[in-house]
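K.L.:
I am attaching a structure below and will ask some questions about it afterwards.
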Amino acid sequence: MSATSPAVEVADLRLAYGIKEVLHGISFAIERNEIFAVIGPAQSGKTSLLRCLNRTIDLVPEAAVTGTVRVDGSDVRRVKDVFGLRRKVGMVAPLPVGLPLSIYDNVAFAPRCAGVRARNDLDSVVERCLRQAALWDEVKDRLGSLGTALSGGQQQRLTIARALSHQPEILCLDEFSIAIDPVTTMRIEDVLKELRGEMTIVLVTNLVQQARRLADRTMFLWNGDIVELDATEVIFSDHPADRRTLDYVNGIFG
Amino acid sequence: MDGAPPPAGRFAKTALVARRERAQTVAKWIFGAMSLAMVLPLLAIVSYLLVRAWPSLGWEFLADIPRKGMREGGIWPAFVGTLYLVGISLAVAAPIGVLAAIYLNEYARENWFNRVINMAVINLAGVPSIVHALFGLGAFVYAARFGFSILSASLTLAIMTLPVIIASTREALASVPRAFREACWNVGATRWQTIRAVVLPNSISGILTGIILQVSRAAGETAPIMFTGAVFFKAVQRGDLFPYRLGDQCMALSMHLYTVSTQVPNVKESIPYATAVVLLGSVLLVNATAIAARVWLRGRKKW
């Protein structure tokens, strides 16, 4: 809880689904208020890693986790209020998920779950988050209509607004752009740039160029191991520390 | 001219295309005929019953009590008895079944205990009703000392419908995409908040349909109630809405149909048919309500 501890600190994290180990004891730290990108081919354990941060991994029956994950200095396996932890760590899934509720209720859902009832408070949360997610102008006149009726790109921004609604300190985005068009992707990237400095952003992405555009530091995860973790300029330079990094970011394998 | 090439044009019909189209048409007619074949027996049954029952049909038949040793008169005690049995059995089975299904589908983890429960539910649904009857006789009539009564009979029907309600409710819950649940968990919602806000509102139509369909099953069963609380005859006031108490024995439509068809000589010919029409009519009415409810609720479904 001290202001000096990193936002996320992972030590010797191992994760297995049944007998199949997908993370082989990785250690790294994410600094406060940086944009931290995780790149790597499919099946590298990127999504599993995110699930360990907010302990939604608990909801996968056969998953076994060892090692420690510290969020804001406290071990996530020891936190008493796992729901509070999940509010601290916002999560945006790859496919946009508008809940089958109104746009307003989609964003007000998390505050309501946390016990906020006053209409004024909810109104201001909804407006703030929709503005932050660059969706407000498009939906402000129809907050009562269904979140599921929005287009894919709008739903993804709605998902981001929902993730912001519980005022996370860390915002994790899991390949947020795979199901949306390039224009919306650029808009969301602008949103992330504006949020930089306000919160820690963990960006898991298949698009290496997206990491290059946004991230302060980039981690290359491959088959459950960290190949390289360094400043983004180094990862994307001609001389990263590991030959595989160079090959991957230049599209030679992966 | 003989042997001329087919008419030019890039989308001209070749022999292959023509053959495919023929197969398509034949298939369509066969499937259509089968669907029609399914409707015909129902129409035949209903019209045959209506014609044979016609002399007795009317409000009078419904509201009157059986007279002259059940050879004439109406079926009021049996009709009310069936309402009691079905109502009480559902009042017991529906809450237990729905809550159990929510536990099994939303909370239970995959372990041996829950696998045993699953197996039990599936096998219980396959037990013949006469076996349920015997169980009800032993468990409720004798062991629990409820005697031959509406209570025993209703509980037996409840045991019989419970596994099917659990199965249909689980299916309705499972039809809500997991992504919705994960989205809720990700913003710090508890399982119960997730169920209340997202899962139940989007599965309620399926849950209700499953329950209401059990009404017809419970109303039609004869064996379980015959063993546990239904009787041939019970003296009741004409049109009395509350003739029975929980500990009483009662008449029931399915049982009454059996009685007047096989046990009583010289019954007025149309009475068994009219009884069947009332039984079928009530069941169809309930099913129609179920369909209407489903249409209404599905209209509110949100994705």
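Laboratory data are not the source of any read-out in this text; all were calculated from the coordinates shown. Since we're looking at a predicted model, the values are computed, not measured. Neighbour counts are summed over all protein chains in view; Cβ atoms, including those assigned to glycine, are modelled from backbone coordinates with ideal geometry.
K.L.:
In cubic angstrom, how much convex hull volume per residue do the alpha carbon atoms of the stretch B:204-261 span?
P.N.:
124 Å³
K.L.:
Can you figure out the FRET efficiency of B:K13 with A:K193, using R₀ = 51 Å and their beta-carbon distance, to the nearest 0.05?
P.N.:
Working from the Cβ atoms, E equals 0.30.
K.L.:
In addition: Projected area of the stretch A:1-63, taken from the Cα convex hull and averaged over every viewing direction, in nm²?
P.N.:
Its average projected convex-hull area is 4.9 nm².
K.L.:
Just to be sure I understand the curve: with the Debye formula and one point per C-alpha of chain A, what is log10 I(q)/I(0) at q = 0.08, 0.12 Å⁻¹?
P.N.:
Per q value, in the given order, log10 I(q)/I(0) is -0.31, -0.70.
K.L.:
Any idea which of B:V131, B:V46, B:G69 is furthest toward the positive side of the dipole for chain B, if Lys and Arg beta-carbons carry +1 and Asp and Glu beta-carbons -1?
P.N.:
B:V46
K.L.:
Related question: In which sequence would A:M91, A:M186 go, from the one with the fewest C-beta neighbours within 10 Å to the one with the most?
P.N.:
A:M186, A:M91
K.L.:
Computed on alpha carbon atoms, what radius of gyration and Dmax characterise the stretch A:106-254, expressed in Å?
P.N.:
17.8, 56
K.L.:
Quick one: compute a quarter of the convex hull surface over the Cα atoms of the stretch A:21-133 and quote it in nm².
P.N.:
About 9.0 nm², averaged over all directions.
K.L.:
Another question, if that's okay. Per-residue ellipticity at 222 nm for the protein assembly as shown, helices alone: DSSP H runs ≥ 4 residues times -39500 (n - 2.57), over residue total, nearest 500 deg cm²/dmol?
P.N.:
That calculation yields -16000 deg cm²/dmol at 222 nm.
K.L.:
Still on this structure, please answer the following. With only alpha-carbon atoms counted, please give the Rg and Dmax of the protein assembly as shown, in Å.
P.N.:
32.8, 105
K.L.:
For the stretch A:189-254, take every pair of Cα atoms, bin their distances at 10 Å starting from 0, and report each bin as a whole percent.
P.N.:
The distribution over the stretch A:189-254 is 20, 54, 22, 3, given as percents.
K.L.:
The stretch B:76-202: percent of C-alpha pairs farther apart than 18 Å?
P.N.:
In whole percent, the share of Cα-Cα pairs in the stretch B:76-202 beyond 18 Å is 61.
K.L.:
Let me ask something else. Determine, for B:S152, B:S216, A:S74, the number of other Cβ atoms within 10 Å of each Cβ, and report the residues in order from fewest to most.
P.N.:
A:S74, B:S216, B:S152
K.L.:
Can you give the longest stretch of chain A with no exposed loop site, where a site means trypsin sites (Lys or Arg not before Pro) in a DSSP loop (not H, G, I, E or B) with at most 12 other C-beta atoms within 10 Å?
P.N.:
The longest such stretch corresponds to A:118-254.
K.L.:
Mind counting lysine pairs for me in the protein assembly as shown? Cα separation below 26 Å, and the two need to be 8 or more apart along the chain or on different chains.
P.N.:
The result is 13.
K.L.:
Next up: How high is the relative contact order of the stretch B:63-299, in percent, with contacts defined as C-alpha pairs under 8 Å that are six or more residues apart?
P.N.:
After rounding, I find 31 percent.
K.L.:
Each residue of the stretch A:43-48 in order: what ³J(HN,Hα) in whole Hz does its phi give by Karplus 6.51 cos²θ - 1.76 cosθ + 1.60, θ = phi - 60°, with x for Gly and Pro?
P.N.:
Result, rounded to whole Hz: 6, 8, x, 5, 5, 4.
K.L.:
Cα gyration tensor of the stretch B:1-124, axes a ≥ b ≥ c as square roots of the eigenvalues: rounded (a/c below 1.5), prolate (a/b > b/c) or oblate?
P.N.:
oblate
K.L.:
Radius of gyration and Dmax for the stretch B:63-299's Cα atoms, expressed in Å?
P.N.:
That works out to 20.5, 72 Å for Rg and Dmax.
K.L.:
Next up: Would you calculate the volume per residue, in Å³, of the smallest convex hull containing every Cα atom of the stretch A:129-209?
P.N.:
92 Å³
K.L.:
Would you mind ranking A:C52, A:C172 so that the residue whose beta carbon has the fewest other beta carbons within 10 Å leads the list?
P.N.:
With the sparsest Cβ surroundings first, the list reads A:C52, A:C172.
K.L.:
Still on this structure, I have one more. Where in chain B lies the longest segment free of GluC sites (Glu not before Pro) that are both loop residues by DSSP (not H, G, I, E, B) and have at most 16 other Cβ atoms within 10 Å?
P.N.:
B:111-268
K.L.:
Quick one: Cα centre-to-centre distance for the stretch A:107-142 and the stretch A:40-98, in angstrom?
P.N.:
Cα centres, the stretch A:107-142 to the stretch A:40-98: 25 Å.
K.L.:
If you take the square roots of the eigenvalues of the alpha-carbon gyration tensor of the stretch B:196-303 and sort them as a ≥ b ≥ c, do you get rounded (a/c under 1.5), prolate (a/b over b/c) or oblate?
P.N.:
Taking the square roots of the gyration eigenvalues as a ≥ b ≥ c, the stretch B:196-303 is prolate.
K.L.:
So, one more: Please list the non-local residues whose amide H lies under 5 Å from the amide H of A:E34, H modeled 1.01 Å from N, same-chain partners needing a gap of 5 or more.
P.N.:
Placed amide hydrogens put A:I201 under 5 Å from A:E34.
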